[in-house]
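**Q** Quick one: the structure is below, and I'll ask about it shortly.
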Amino acid sequence: MPHVLVVEDDSRLRGALVRALRDRGHAVATAAGGMAGLDAAVTERFDLVVLDLGLPDVDGAQVLRMLRAVSDVPVIVATARDEEPEMVAALGDGADDYIVKPFGAAQLDARIKAVLRRVGADEAEPVVRVGEHLVVDPAAREVTLDGRVLELTPREFDLLAYLARRQGQVVGRRELLAEVWQQPLGGTDKTVDVHLSWLRRKLGETAQQPRYLHTVRTVGVKLSAPPPE
């Protein structure tokens, strides 16, 4: 039974989410404020956190950044903020998914299951090597380049791991949105491009001088090993 923490200040919505998620087989704990939610998330073991951004004591975006500094627990941001910059910022800070209020309980349940499936799949996957120097370890959720561990956000890791499983293949942005972001009917190519830009920087390359990430114009992106030195 997945153990979910809901951090939401609206008591009516919080109660509705608890009832709906429990009806769908989740064990649910709650927090009404950001600091209480952060304390619960780091002192107890949860499978996933549902985090509102508009919290009364500290902004949920700050809570997310503090949580990411100490924990890899999956986080779904659930908020009324529907502007793309807010979404991109939350994903960049380590959110695993982003859902805009109002939403149905069935949609939230589906997103929770999708995130947990992805995490569970990572635990069973073998290490992937891309050439001689780049190693992706899904079970440890760790990437090393030239023996050095890269500091990646959860979403950056998911994106790189997905491309590594398909190294040498061109993967379209819509496929990445559907499989990595779990947004088969929404999202924007810009979200993918921003994360690819961050990944390139951490891999020590640029779009103009790629080593591993190669853009195929109007089609997608391909991860491949650089030629032997």
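FYI, it's all coordinate maths here, none of it is from the lab. It should be emphasised that the depicted structure is a prediction, and the values quoted were computed from it without experimental measurement. Positions of Cβ are backbone-derived with ideal geometry, glycine not excepted, and every protein chain shown enters the neighbour counts.
**Q** Give the share of C-alpha pairs in each 5 angstrom bin for the stretch 1-57, from 0 to the last occupied bin, in whole percents, shortest bins first.
**A** P(r) for the stretch 1-57, in whole percents per bin: 4, 22, 33, 24, 14, 3, 0.
**Q** Could you give me the ³J(HN,Hα) list for the stretch 8-16, computed from phi with Karplus coefficients 6.51, -1.76, 1.60 and θ = phi - 60°, whole Hz, x at Gly and Pro?
**A** 8, 8, 6, 5, 5, 5, 4, x, 5
**Q** Quick check for me: using +1 on Lys/Arg Cβ and -1 on Asp/Glu Cβ, what's the dipole size of the chain about its Cα centre, in debye to the nearest 20?
**A** Numbers: 29 positive and 35 negative charges, 122 e Å.
Result for the chain is approximately 580 debye, rounded to the nearest 20.
**Q** Per residue of the stretch 23-34, in order, report the coupling 6.51 cos²θ - 1.76 cosθ + 1.60 (Karplus, θ = phi - 60°) as ³J(HN,Hα) in whole Hz, putting x for Gly and Pro.
**A** Calculated HN-Hα couplings, in order: 4, 9, x, 9, 8, 10, 10, 9, 9, 9, x, x Hz.
**Q** Same structure, new question: Which order do Glu132, Glu156 fall in if you start with the one that has the fewest other Cβ atoms within 10 Å? Display every interim value, and only then the final one.
**A** Working: Glu132 11, Glu156 20.
Least crowded to most crowded, the residues run Glu132, Glu156.
**Q** Got the relative contact order for the stretch 126-223 handy, in percent, Cα pairs under 8 Å and 6 or more residues apart? Mind showing how you got there, number by number?
**A** Details: 122 pairs, mean separation 22.5, N = 98.
The normalised contact order for the stretch 126-223 reaches 23 percent.
**Q** Please give the charge dipole size of the stretch 3-121, origin at the Cα centre, charges +1 on K and R Cβ atoms and -1 on D and E Cβ atoms. Round to the nearest 20 debye. Please report the intermediate quantities before stating the final value.
**A** Details: 14 positive and 19 negative charges, 110 e Å.
The calculated dipole for the stretch 3-121 is roughly 520 debye.
**Q** I've got another one for you. Need the list of lysines near Lys222 for cross-linking: C-alpha distance under 25 angstrom, and skip anything on the same chain fewer than eight residues off.
**A** Those lysines meeting the cut-off are Lys190, Lys202.
**Q** Could you work out the relative contact order of the chain? I mean the mean sequence separation of Cα pairs under 8 Å and 6+ apart, divided by the number of residues, in percent. Write down the numbers at each step before the final one.
**A** Numbers: 369 pairs, mean separation 28.8, N = 229.
Result for the chain is 13 percent.
**Q** In nm, to one decimal, how far is the modelled label at Ala110 from the one at Arg201, with both set 7 Å along Cα→Cβ?
**A** Going by the 7 Å Cα→Cβ label model, 3.4 nm.
**Q** Per-residue ellipticity at 222 nm for the chain, helices alone: DSSP H runs ≥ 4 residues times -39500 (n - 2.57), over residue total, nearest 500 deg cm²/dmol? Provide the component values of the computation, followed by the final result.
**A** Details: 8 runs with 96 residues, N = 229.
My calculation for the chain gives -13000 deg cm²/dmol from helical runs alone.
**Q** Just report the Cα centroid separation between the stretch 87-145 and the stretch 152-170, whole Å.
**A** Centre-to-centre (Cα) distance: 10 Å.
**Q** So, one more: Between Met87, Val6, Val100, whose Cα lies farthest towards the positive end of the dipole of the stretch 3-121 when Lys and Arg beta carbons carry +1 and Asp and Glu beta carbons carry -1, centred on the Cα centre?
**A** Value: Val6.
**Q** Further question on the same structure: Name the long-range amide H neighbours of His133: under 5 Å, sequence gap of 5 or more, or other chain; modelled H, no Pro or chain starts.
**A** When sequence neighbours closer than 5 places are left aside, there are no close amide H contacts.
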